[in-house]
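To keep things clear, I will list the structure first and then write my remarks on it.
No value in this document is a laboratory result; all are computed from the given coordinates. The structure presented is a predicted model; accordingly, all values stated were derived computationally and were not measured. All Cβ positions, even for glycine, are placed from backbone atoms using ideal geometry, and neighbour counts span all protein chains on display.
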Amino acid sequence: MTTNRSVPIVVISSENIPNKIRNIDDIEYEVSQTFLPLKSTPSRKSKGRSLIKYKSAPPIPTNNDENNEIKENEFTRLHVISHILPRFPVRHGILKQKRKYTSKKKILTEKTSDNIMRPENMDKILLEPNLSNDDIDTKKKKKFKSNLIQLTPDDLHETALKIQEKSLHGKAHDYLMINILRGNEFDEWFRYLRAGFNILLHGVGSKKSLVSLFFKKYLKNEYLTFIINGFMPNITIKQVLQIISSHPDINANTLNSNEESIQEIIKRIEAKKLNIYLLINNIDGMNFRNTNVQNIFKLAAQCQYIHILATIDHIHGPLIWNQQSLTSFRWIWYTVHTWLPYIDETTNERLNTIRLKTSQLSISAVEHVIESLTPNARRIFRLLVEAFLANCNLKDYEGMKFTELYEQCKRSFYVNNEQNLRLQLIEFIDHRLIKLVKSTNDGQEIVRLLIVEQDIVKQLLDKLN
Amino acid sequence: MDTIVEVHSVTRTTQKPSNKKSHEKIDITRIDHITNVFTNVKSQLHARLVTSVLDIVKKNDKFRRITNRCFEYIPIMALCMDSNMSEHSHLFDELQEQLSSKFKSIIIKLQTIDQYSSIHNILKTTKNELNKFYPDKDPENKNVFFQLSKFIGIYNELKENEKRSLIFIIPEFESMNISIFENFINLLSLQIKSISISFVLGLSGGDHSLQRLVASRIASKLSIDTIYDSSARKYYEYIIKSLFLSESNEQFTITAEQLHFVDNGYFETFSLAWLEHALKFIAFSDSTIQPVNQLNICLFNAIYVSCNQLPNYPLGRYRSSFYESYLSNTPMFNELTLSVNSSTIHQLDTCLNSFIEHKCNENSLCIKYCQLAKKIFLEQEQQIADDTQTLSNTLRSVSDKKLNRYREQVFLWLKQICECFISPIINTSTKINENLLHERLVPMTRAIFIRELTENVNWKQRQIPDLALLYRVYTESGTKIPLSDWFDSFASLVEEQEIVDNDKDKSILARFVHGLAELDYLGFTKTSLQRSFHATKLTWDN
C-alpha cells in the first residue's frame, strides 16, 4: 500500500563515503542498539500481538572510526522527500508508530525549511525519550477500567439517590407540585379519565413518583386502583391479569388464554359497573412491548369502566402502537419533564453495565441458563444458592466448600461420586455461574457463586423452587 | 424492591368523603352526542351500501330464476370503502344478517386471517357453514376437496325449493393472498353451472384496490360490480353536517383552527376513530365556553346547496370547507364572481329554484331571501324591451345583455346572503388552539424529549443535570463511543460547573455509570458486548 507521506531522510555525505544515503530506519536502529528498546505499545489488543520496533530493519555495522573521521566540512542534510517508500519493508505497526511521533516530526519538518541541521540537534532529537499518545491512552483506559470494576451496584444506587435528593430536598410532593406541575394538571387528568379518555405521560425524568402522587391525591381510598410497574424485568401480563382477576371485588376466573382472561374481567366489571383505575408505570416496558400484550391493554382501554394512566420513557416508545391501536387507546398525551433520576427503572441496566466488566451474566441470562439445566443440576445449584443466602452476611464468606457440597449432594442422592459432581460443576463454570477457587484460610476447594446481589439470588431461588 | 402490581382497594367509609373531586359530576353529554352522531352516520351510509348489494343480489337471483340459466361469470360486489376496514365491521355483520334473511343464501364470512390463509381453511369454513343447512352424511371423510364436489353432486339432486345460493363475504380483501383467491375462484368456476355463487368484497382503498382484482389471471371469470357509496370524504361531510350544521340541541362550537386541525388529521389517517377521539376531546375540553354566535343553519345549508348548482363550487367543494371559511371569517367573493360570471341561465335558474324550494324552518332571513330570489327569477322571465336607441355601438346582443343583468342580480343576491355570514365574529378565545391539539393528540414525543435534553435555557440558574451533559457528548460522538473518553469529557464538564474535591469516592464515575444506564434504558445507547468499553449510539438527530 503506497502512502503519500513525507519520510525524513538523513543524508550524510563525506569525501570518504561518497553518496552514502542512509535511511532513517538505519539510524534509529543503530540508536536503539545503544539504548534500551522502547516499550512495545500495541495499537490493537487482538491476539496479543505486540509490535516491537525495528524488527525488520537489518543491522548495519557501525563504523565508528569512519564516522569519527567526518570532518567539519561534512554536513548532514535533512531533506523531506515525499512520495518515497521506506527502504525496507516495514510492518504496518511501525509505520503507525512513526506517524505518532508527533514531537519528532514537528521538529524535523521545522528544520527542513533551511535544509540544515546541526549534528548536535539531530542527536538531541533522536535521543529524546519518546512517549507515544498510545501509551497515555492505554494508561487512562486501564485506570478507568480498574475504577469501574471497583464500583458496586450499591454505589450506583446510592449515587442515584443522592441525585434525587439534590432535586427534591426530601420533599417530593413540593418539588412536583411547584416545579413540575405548573397548573391544574391533576384535575384535568382526573376529569379526562372519568370522561372516558386515557392519559399517557411522556418526558425526561422518572414519572413514577408523579403517578404515585396522583394516586394519593385523587384515587386513594376512593377507587379500586392497580399500580402496574412495567419497568420490572420479570413482570408478565399473565401475572398482572391473575392479580386483577383474583381481587375480591372482581373475582373473575383465570383462563388459559390472556385474551379470554381480560374479556372475563371486563365482563365482570361491566356487570358490577365497577370503576377501576390502572396506573401503568412504563407501558413500554421490556416485557410489554409485543403486540399481544398491547392488545390486552387495548381491550382494557376500550372498556368504559377501566381508566388507564400510563407513562412512556423509551425514545421509540410510541412505535409499539400502529394508528389503529393508538385510536383504540384514546390517549391524551401530556409532556411532563420531571428530571428525576430513573432509579427503580434502571436496576437491570445498572447491573448490566457493571457486569460487563466483571464478566457476570444478567438476570435474564441466568434465568435462561437455569431453565436449560436438568432437574438434578437445578437441585445442586439450589443447594449453592441456599448456602449463599444463608451465609452472605458473614464477612469472610468465600463460598461453599466443595466437600460440604459433595456431602449434601450424596446424602440427597443428587450424585453418586465426586466425578459426577465435578462434571456438573464444570457445566456451571462454563455457564459462568460459579467459580472454583482455593480458600485463603485452609487451601480447600471452594465453590463460589459469581452472582453477588442478594435480590437476584433470591429471585433465582424462587425460580428454582 | 417494588412489587409487580400494587393493589389498592377502596377503604373509604360512607361517613367522610375524602376527595370532593370524585363526587363532581362530569358533563359528558357532548361526548355521548358525538358517539351517537358517528353511529348514526355510519349506519346511514352503511344502509346505502347494504341496499346496493341487496339490489344486485336480487337482480342476479331474478335472472337465474326467470331465465333458468346460470351465469358464465362469478358475480363480485366490490365495496370501495376508502377508509380503514376495521371501523366498518358492523356493515358486514348487517350484510350477513340481511342476505341470510332476505334471500335463501348460505353466507360464508371469511373475516379472520386464519380462515383465508389457505384454500384448505377456506373450504373448511365453507364446509362448516354448509353443514348447518345440508348435514354431512359421511362425516368420516376428511378430504375437503373431495367433499365440495361430492356436495355439488348431492346438491344437484335436491329440489328447486331446497337449493340455496352461496355468498362469500370477505371484509378485508386486501389482506388476502391474491394467488389463494385465484386458485379458489378456479375451483369454484367449475361448479357455477350447478350452484349460484357470488362474492362481496370489502376494499379499503379506492379504484387502485380494484386493479389488483382486475389485473389478476381470473378476471375473465369474474363479473365485477363496484359500489362507491362510501368514501372518507362522505363520512366526514355527514359528520360535520350533523354536528355543526344541524338543528340539534346539543350543538357545540368549534373554532376555525380546531376544524382545520381535525380536517388535516382525518385526511392523513383516514380514521373515523381518530376523528371521533379528536372531536370528543375538543367538545369535552371546551365545554365551559358557550356558543356566542348562532349560525343560521337553515340559511347556511340552503345557500350552500344552491351555490353547488353553479360552476366550480364557489362556496367550496365541500360543506366543511365553506364552514371553515365562515369560521375563519374570510370572504369568498372572488370565487363567487368568477362562478356567476361563467354560469348559464339554466344554472342560475336552478340555483334560485333550489333556494326557493328548500325546506325552511320559517327562518326570517330565509323567507326574506326567498322572496328576493323569486323576484329576481320573475324579472328574468320578462322580456327586456328592445330599445334600439339605448343599444349603443357595442356588439352585445340583447340576450347577452339579459344574461349579464341576470348574473349581476344573482351575484348581488348571493353577496347579500354571504355578507350576513361575515358579520364580525366575537373572538372567542380558547385555550384549545392548534398547538395544544397537536400536543395532546399527535405529539412529537422524540423531538420534545431531545429538545428538552439539549435546551440550556432552563438551566441558566441551576446546574445542568448529568443526563443533559452526557447527551451533549453523545451527540458529538460517532457510532461507537469509547467509555473512557466519554467519561473524561463528562468529568471535565462536571468540574466546570461544580467544585469537586479530590474525587476519592469516585462519585463522578458513579454518576457517569448511572447516566450511562439511564441512556441505555431510554434507548439512546446499547452497551457494546463486542468491545466491552464502548457504547453503541442508537439514535441520530440533527
I'd like the mean, over residues of B:264-275, of how many other protein chain beta carbons sit within 10 Å of each residue's own Cβ. 2
Karplus (6.51, -1.76, 1.60) ³J(HN,Hα), θ = phi - 60°, over the range A:318-333, in Hz, Gly and Pro reported as x: x, 6, 6, 10, 8, 4, 5, 5, 4, 6, 5, 6, 6, 6, 10, 8
Student exercise, the range A:164-344 dipole from Lys, Arg, Asp, Glu Cβ charges, in Debye to nearest 20: 220 debye
Rounded, prolate or oblate, given the Cα gyration tensor of chain B, with a/c below 1.5 counting as rounded? oblate
Per-residue Cβ neighbour rank within 10 angstrom, fewest leading, B:Glu362, B:Glu408: B:Glu362, B:Glu408
Counting only DSSP beta bridges with both residues in chain B, what percent are antiparallel, rounded to the nearest 5? 20 percent
Using θ = phi - 60° and the Karplus form 6.51 cos²θ - 1.76 cosθ + 1.60, what ³J(HN,Hα) does each residue of the range B:261-278 get, whole Hz, x for Gly and Pro? 4, 5, 4, 4, x, 5, 7, 8, 9, 6, 10, 5, 5, 5, 4, 4, 4, 5
Any idea which of A:Ile296, A:Tyr192, A:Ile228 is furthest toward the positive side of the dipole for the range A:164-344, if Lys and Arg beta-carbons carry +1 and Asp and Glu beta-carbons -1? A:Tyr192
Along the range B:95-104, what does the Karplus equation 6.51 cos²θ - 1.76 cosθ + 1.60 (θ = phi - 60°) give for ³J(HN,Hα), rounded to whole Hz, x for Gly and Pro? 4, 4, 5, 5, 5, 6, 7, 7, 10, 7
Taking every residue in B:438-449, how many Cβ atoms of other protein chains lie within 10 Å of its Cβ, on average? 5
Past 31 Å, Cα to Cα: identify those pairs from B:Lys280/B:Lys368; A:Lys208/A:Lys395; A:Lys395/B:Lys526; A:Lys216/A:Lys463; A:Lys410/A:Lys458, in the order given. B:Lys280/B:Lys368; A:Lys208/A:Lys395; A:Lys395/B:Lys526; A:Lys216/A:Lys463
I'd like to know which of A:Ile244, A:Ser257, A:Leu274 lies farthest towards the positive end of the charge dipole of the range A:164-344, counting +1 on Cβ of Lys and Arg and -1 on Cβ of Asp and Glu. A:Leu274
Just counting partner chain Cβ atoms within 10 Å, what average do the residues of peptide A:238-245 show around their Cβ? 2
Most exposed to least, judged by fewest other Cβ atoms within 10 Å, A:Glu418, B:Glu6 sort to A:Glu418, B:Glu6
Ascending count of other beta-carbon atoms within 10 Å, so fewest first, for B:Tyr369, B:Tyr228: B:Tyr228, B:Tyr369
